[in-house]
Every structure is written in structure tokens, then in C-alpha cells.
Amino acid sequence: MRLKSLSFIPLLAASTVALALPAAAQVAASEPAPAPDEAGAAAATAVSQVVVTANRSATPVAQVGQSFTVLTQAQIQLDQETSVADILDRTPGLSVSRNGGPGETTAVFIRGADSDQTVALVDGVKVNDPTDPGTGYDFANLISGDIARIEVLRGPQSTLYGSEAIGGVVNIITAGATKPLQGDLKAEVGGYGTSYFSGALGGKDGPVVWRLSAYDDATKGVPCFDEAFGGRRPCAFHANGLSGRFTYDLTSYLQLDERVYYTRSRADFDGYDTPTFTFGDDNEYGTTQQLVDYTGLNLSLFDGRLKNRLAFEYSAVDHDNQDPDQPANLGVPTTTTFVAAGRTNTIEYEGSFEIAPNYQAVFGAQSERSSLYAFSPAFELAPDRGHDTINSGYGQVTGEVLTGLTLTGGMRYDDQSNVGGHVTGQASAAWSLNSGNTVLRASFGQGFKAPSLYQLYSEYGNLALKPEQADGWDAGVEQHFLNGRLVVQATYFGRVTHNLIDFVSCFGITTGLCATNVVGGYYANVARAEAEGLELQSTWHMTDRLDLSANYTLDNVEDRSPGSPTEGKQLARRPENTANLDAGYVWPIKLRTDIAIRYAGDSFDDDAHAILLKSYALVDLRVSYPLQQNVELYGRIENLTNQHYETTYQYGTLGCAAYAGVRLSF
């Protein structure tokens with residue numbers, strides 16, 4: 001396979017050197033990072049410039065061989081977005097597809113991998129949805145709220161994160177408290193009847209650290225069925241949620257750690273029940289609620305060299321979809337179109353041990369049990385039910401074998417109750433040269449994804465399914481110029497995925513499994529895909545007032561299924577070319593202005609390339625002004641040129657809209 005669209009690279013490469021990664025999309029290697037919340041958190045408190053997700057422990061960025069992005073709280077605030085998906089959309093190697101406006105089904109693709117091949121974590125707890133057909137995570141309900149840090153790890157990462165980590169990992173970390181009493185408030189209003197309010201309060205007093213936060217986010221939205229095709233009913237969205245953190249130092253070496261995250265949302269959506277059974281305005285709506293809980297003990301031994309974490313993790317997600325018109329259109333007595341409940345319980349032990357100076361081992365074991373209940377009353381006689389258990393063990397060693405050269409290697413074994421055992425491995429290298437001004441990185445990783453409960457136990461299920469598997473690699477360089485004020489990075493990546501699970505239609509087929517199939521199809525391991533691409537990014541702190549930034553991603557991800565009519569074609573809804581440009585300036589009167597441009601090239605809504613999604617460029621203008629030390633006014637205009645665009649065919653997107661808010665802290 002060879003890279004395409006190379007004619008686009010020289011222009012973007014020049015822009016990348018001259019500009020910098022969007023101010024809200026990439027942490028410069030020189031910027032301090034807050035302490036993480038995984039094993040090794042205590043060590044990270046005194047260490048800046050760290051990444052947690054890559055090695056499940058605090059690791060200096062110059063020693064991380066994988067490709068990553070860290071978004072700090074300051075950057076998230078500069079971006080001003082309430083939707084985490086919109087923040088991620090500006091991140092190198094990531095693209096987003098949404099079925100309408102805010103709150104509608106939202107898929108995040110990392111380096112072109114399927115959206116259900118991403119592990120999503122909230123405060124270390126896996127939140128992938130067992131009721132989703134592919135166990136994917138819908139980013140529609142993930143609001144920035146009290147998020148202090150987002151870490152994105154690109155490439156197959158199953159050695160440390162298990163099933164689903166073929167594309168990568170998105171780790172959401174909520175804020176903690178650092179002072180005896182502190183809090184903040186935020187209020188925002190804007191276009192499309194949008195309102196957003198959030199507040200948090202916390203404190204640190206001796207052995208006790210606590211923080212509580214809540215938010216409410218609402219919008220009248222835009223028609224999900226695009227107005228350009230005749231849509232008229234706006235799809236409203238309303239979400240609220242809360243999060244909490246509590247730690248208590250029982251002794252100088254033993255700590256109780258409790259975290260909770262809850263969100264509830266209601267979203268209108270359009271469908272095919274109009275009543276012509278073609279896509280159009282509908283009166284359907286759905287509610288979703290998710291509860292995430294983490295209860296753990298942290299034990300530090302041997303003067304902090306051995307850190308242990310024992311935790312119970314719980315995630316519960318419930319869906320309830322309603323169609324008021326269903327009784328009249330289908331002749332059934334219920335308005336319920338779909339109900340589902342998914343539960344995941346995980347018992348986990350994790351340890352990190354400092355073998356010697358600059359040598360560390362991370363190891364652990366997990367037992368994860370997931371369950372599914374799903375029912376469509378108008379179309380099914382009985383609900384779909386199923387459960388599975390994955391028991392895992394993993395280990396990884398990181399060491400600075402030569403001055404500046406850090407090597408990492410690890411392996412994992414997973415035993416899934418339905419498909420048996422599976423082994424994955426990974427290795428990486430980071431070489432810091434030229435007094436740290438040059439960092440070379442390379443990594444190889446394997447990923448796997450166990451068949452979902454729906455793919456196994458629904459009426460279309462197939463108990464003979466095998467796990468999806470992937471091998472991925474990347475290599476890159478990070479170069480610092482002008483005493484670190486200019487940072488340029490380039491990364492080449494590739495991935496081969498096989499045994500992909502896809503739906504097989506039995507229309508016109510009477511052989512094989514179709515001979516006894518009565519529902520029209522089934523899931524099978526029939527697909528294969530390959531990805532190859534390039535990520536360019538840069539940050540330039542030109543002066544104390546002016547920051548320039550840019551990133552560009554070339555992502556060729558193709559269907560390589562033998563004999564498939566779509567073999568060799570780019571996978572659906574994944575643009576080959578994406579780019580971001582940003583310029584931020586602080587005026588002498590302390591007013592900060594940012595102009596950001598987000599570009600996505602042509603893509604297709606279907607694998608056969610019959611429906612083109614045209615390229616687009618969105619221009620956003622952001623301003624912020626500190627009235628005093630703890631009070632800030634801010635505002636933004638999104639899609640300044642009011643460009644019409646689609647990330648999913650016939651689904652509406654936001655036009656030009658203005659928003660204004662105030663942020664207070666104490």
C-alpha cells in the first residue's frame with residue numbers, strides 16, 4: 001500500500017512549520033501537566049511534562065515511544081467547546097462523524113479505525129457500551145464539564161487496555177482539588193437556544209481531598225434531517241450530570257480512592273417512520289443515562305518504589321427510545337421502539353515497581369464481566385440477552401538502557417468466556433538527543449476486539465465468531481527550535497486489521513449459515529482493512545503574545561476484504577485529509593483573540609463510494625477577557641462563514657452561531 005494525496009503535503013508541511021497545533025488541541029512538550037489519576041499518581045504530583053495513559057503510570061513525555069496527545073485544562077478552556085467530541089475533532093489523527101447536531105449519535109475514528117475500536121475511559125473506568133452492536137462508545141453525551149485533562153493514545157493498545165483498543169485510547173480525567181477550599185462557576189448562552197451551566201466545589205484538608213461538580217447543557221438544535229433536504233423539526237438536546245472525587249489517606253502509605261460520574265440526556269432524532277418509511281422529519285426521541293463508579297485502595301510500599309492499586313469498577317448504561325407515532329404507523333400498542341441495559345463490573349489489581357533508577361515495571365490482572373439486555377417491542381418477540389467474562393493478566397517493563405534511550409516492552413493474555421484465549425504484545429522506543437531538543441519515537445502494538453454481546457447473542461448473532469485482530473506501528477520525530485518556542489513533529493503510521501466482524505446478508509443466498517437463517521443475515525469474520533498515513537504538527541510561541549499552530553493528517557484507510565466489491569476503497573465517513581490552523585494573540589488590554597480553521601477533505605457516506613460527502617473548512621473566532629484575576633468573560637462565533645457541510649449524509653449540522661459566557665473561580 002502506498003500513500004496517496006501527496007500533492008497536499010508540501011503546502012501543509014510548510015504551514016505546519018510556520019504555524020502550530022491548535023491552541024486547544026495539543027500540549028507542547030514543555031508545558032507542565034497536572035498530576036494523573038492512575039497507578040503512580042503520587043509520583044506524578046511532583047513531575048511535570050508527564051503522560052499517564054501510555055504506560056498506565058506517570059512517564060515523562062521524552063520517554064514515551066507511542067504517539068499521543070495531551071489536552072490540559074487551560075487548553076480545554078481556551079477551546080470553549082462544551083462537547084468533548086468537538087475538542088477531539090481538532091486533534092491529529094482523529095475525525096468525527098455525527099448524525100445531526102449536538103447530542104446526536106457521535107462516532108470518533110482514531111487513525112481510521114472503526115469507532116467501536118476505541119477504548120473510552122472516564123477517570124480510569126472503561127465506559128464502552130455493552131448494548132452497542134459493536135461495544136462502541138457514543139461521545140454524544142460526553143460534556144467537558146469538570147474535565148481537567150484528556151489524553152489520547154493512538155495506535156493498537158490492547159497490551160495494557162485489552163479488548164477494543166485497536167484504534168487507540170481516549171482517557172478523560174476529571175479535576176481534583178489542590179487548595180483547602182476552591183470552586184468555579186461557568187455560564188454560557190448562545191445560538192440555537194443553547195444554554196450551559198456548570199459548577200464545582202472542592203477542598204484539600206490534611207488527609208482528605210474532595211471535589212463535587214455538576215452541569216446542565218441544553219440546545220434547541222437543528223433538524224437532524226438536513227434542512228437542505230426538507231427537514232423542519234429541530235432536534236433538541238438536554239443533558240445534565242455530576243461527578244465526584246474523594247480520597248482519604250488512611251495512613252501514610254494506604255489511601256482510599258472513590259470516584260463517581262453520572263450523566264443523563266434526552267435527544268430528539270429523526271428516522272424512517274415518517275410514515276413513508278423514508279428518512280425524514282420524525283417525532284422520535286431517546287433518553288440515555290450512564291453511571292460510572294470507581295472504588296479503590298492505593299498501597300505504597302518500599303519507600304514508594306512499589307505502588308499497588310486494587311479497585312472495583314462499575315459502569316451501567318440504559319437507553320429508552322420512544323416514537324409517539326408508532327402505534328398509528330405500525331399498528332402496535334406501544335410507543336417504545338428500543339430499550340436496552342448494559343452493565344460492566346471489573347475487579348482490577350495494578351502494580352508499578354521501580355526496579356532500579358530509570359527502570360519501571362507495570363503489571364496487573366483484571367476480571368471484567370459484561371451483560372446485555374436489549375429489546376425492540378415492535379419487531380422482536382423476545383429480548384436479546386447475553387453476558388461474558390474476560391480474565392486478563394499483563395506486564396510491561398520500561399527502562400532507559402542508554403542515556404536518553406528508553407525502551408518499553410509488554411505482553412497481555414486475555415481469556416474471553418466465549419472465544420477463548422488471546423495474546424497481544426507491544427514494544428516502543430523513545431530516544432532523546434541533542435539535550436532533549438530532538439526526540440525520536442517508534443512503536444509496534446497489537447490490538448484485538450472480542451465479539452460484542454450483540455454480535456454473539458442477538459437474533460443475528462454467531463457464537464462461532466473470532467476476535468478482530470490488528471498489528472500497528474508508527475515512527476516519528478519531534479524537534480525543538482528557538483529554545484523550545486517552536487516544536488515540530490512528524491509521524492508515519494500503519495495498521496493491518498483482519499478478522500473484522502461484519503453483517504452478512506442472506507438475501508438470495510441459501511447455502512452455508514443462510515440455509516437455516518430465518519432473520520435475513522448474521523455476523524461473520526469476513527472483512528480486512530489496512531491503514532497508512534502521516535501526521536504533521538507544530539507549535540510556535542512566536543512572542544509572549546502570539547501563538548501560531550497547525551496540524552495535518554493524511555489517513556488512507558482501505559477495505560482489503562478479499563473478493564469484496566469495495567476492496568481498495570476508502571472506508572466510509574473517514575476523510576483522507578484533515579487539517580487545523582490556529583492563531584492566538586493577547587492584546588495589550590489583556591483581550592485574547594483566536595482564529596481557528598478546521599478542514600476535512602472529501603469522504604464517502606458508504607463503502608461503495610456512491611454518496612460523496614464534500615470537503616469543507618470551518619472558521620471559528622474566539623475571544624476571552626479577564627475582568628480580574630478570577631473572573632473571565634469569553635465568547636465565540638462558530639462556522640463564521642455559515643458553510644453547509646455534512647459528516648453523515650442527509651444529517652444536519654450547525655450553521656453560523658455566536659456564544660457568550662462567564663467563568664468564575666475562587
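The values are calculated or read from the model by the stated rules, or taken from the named source; none is laboratory data. The structure displayed is predicted, hence computed values, not measured ones. Don't worry about glycine lacking a Cβ; one is built from the backbone with ideal geometry, like all the others, and counts go over all protein chains shown. Calculation scope for accessible area: heavy atoms of the full protein, side chains included, ligands and nucleic acids excluded. Shrake-Rupley method; radii C 1.70, N 1.55, O 1.52, S 1.80 Å.
The distance linking segment 66-95 with segment 344-408 is 24 Å (Cα centroid to Cα centroid, whole angstrom).
For the pair Tyr314 and Gln49, a Förster radius of 41 Å applied to the C-beta separation gives a FRET efficiency near 0.80, rounded to the nearest 0.05.
The residues of segment 592-649 present an accessible area of 49 Å² per residue when probed at 1.4 Å with all protein chains retained. Residues in segment 49-125 average 17 Å² of solvent-accessible surface per residue, probe 1.4 Å, ligands and nucleic acids excluded. Place a label point 7 angstrom from the Cα of Val401 along the Cα-to-Cβ direction, then list the residues of segment 411-446 whose backbone nitrogen is under 20 Å away. Inside the label zone: 411-412, 425-434, 439-446.
Residue separation of Gln629 and Val519 scaled by 0.36 nm, minus their Cα-Cα distance, works out to 33.2 nm of gained length. Amide H contacts of Ala58 (H built 1.01 Å from N, in plane; Pro and chain starts excluded): no residue 5 or more places away or on another chain comes under 5 Å.
Extending 7 Å from the Cα toward the beta-carbon at both Val477 and Thr593 defines two label points whose distance is 3.7 nm.
A cysteine counts as unpartnered when no other cysteine's C-beta lies under 4.7 Å of its own; in the chain this applies to Cys656. Count the lysine pairs in the chain that are 8 or more places apart or on different chains: how many have C-alpha atoms under 21 angstrom apart? Lysine pairs satisfying the spacing and distance rule in the chain number 8. On the accessible surface of segment 108-248, probed at 1.4 Å, how many percent belong to carbon and sulfur atoms? Answer for segment 108-248 is 61 percent, counting heavy atoms of protein chains only. If the chain linking Thr510 and Ala74 were pulled fully straight, counting 0.36 nm for each residue of separation and taking away their Cα-Cα distance, it would gain 151.0 nm. On the basis of the beta-carbon distance and an R0 of 60 Å, Ala328 and Glu567 show a calculated FRET efficiency of 0.85. Set against the labelled values [x] 0.96; [y] 0.94; [z] 1.33, Rg/Rh (Cα atoms, Kirkwood Rh) computed from this structure falls on [y]. Each of Met411, Met542 has its accessible area taken with a 1.4 Å probe; listed largest first, they run Met411, Met542.
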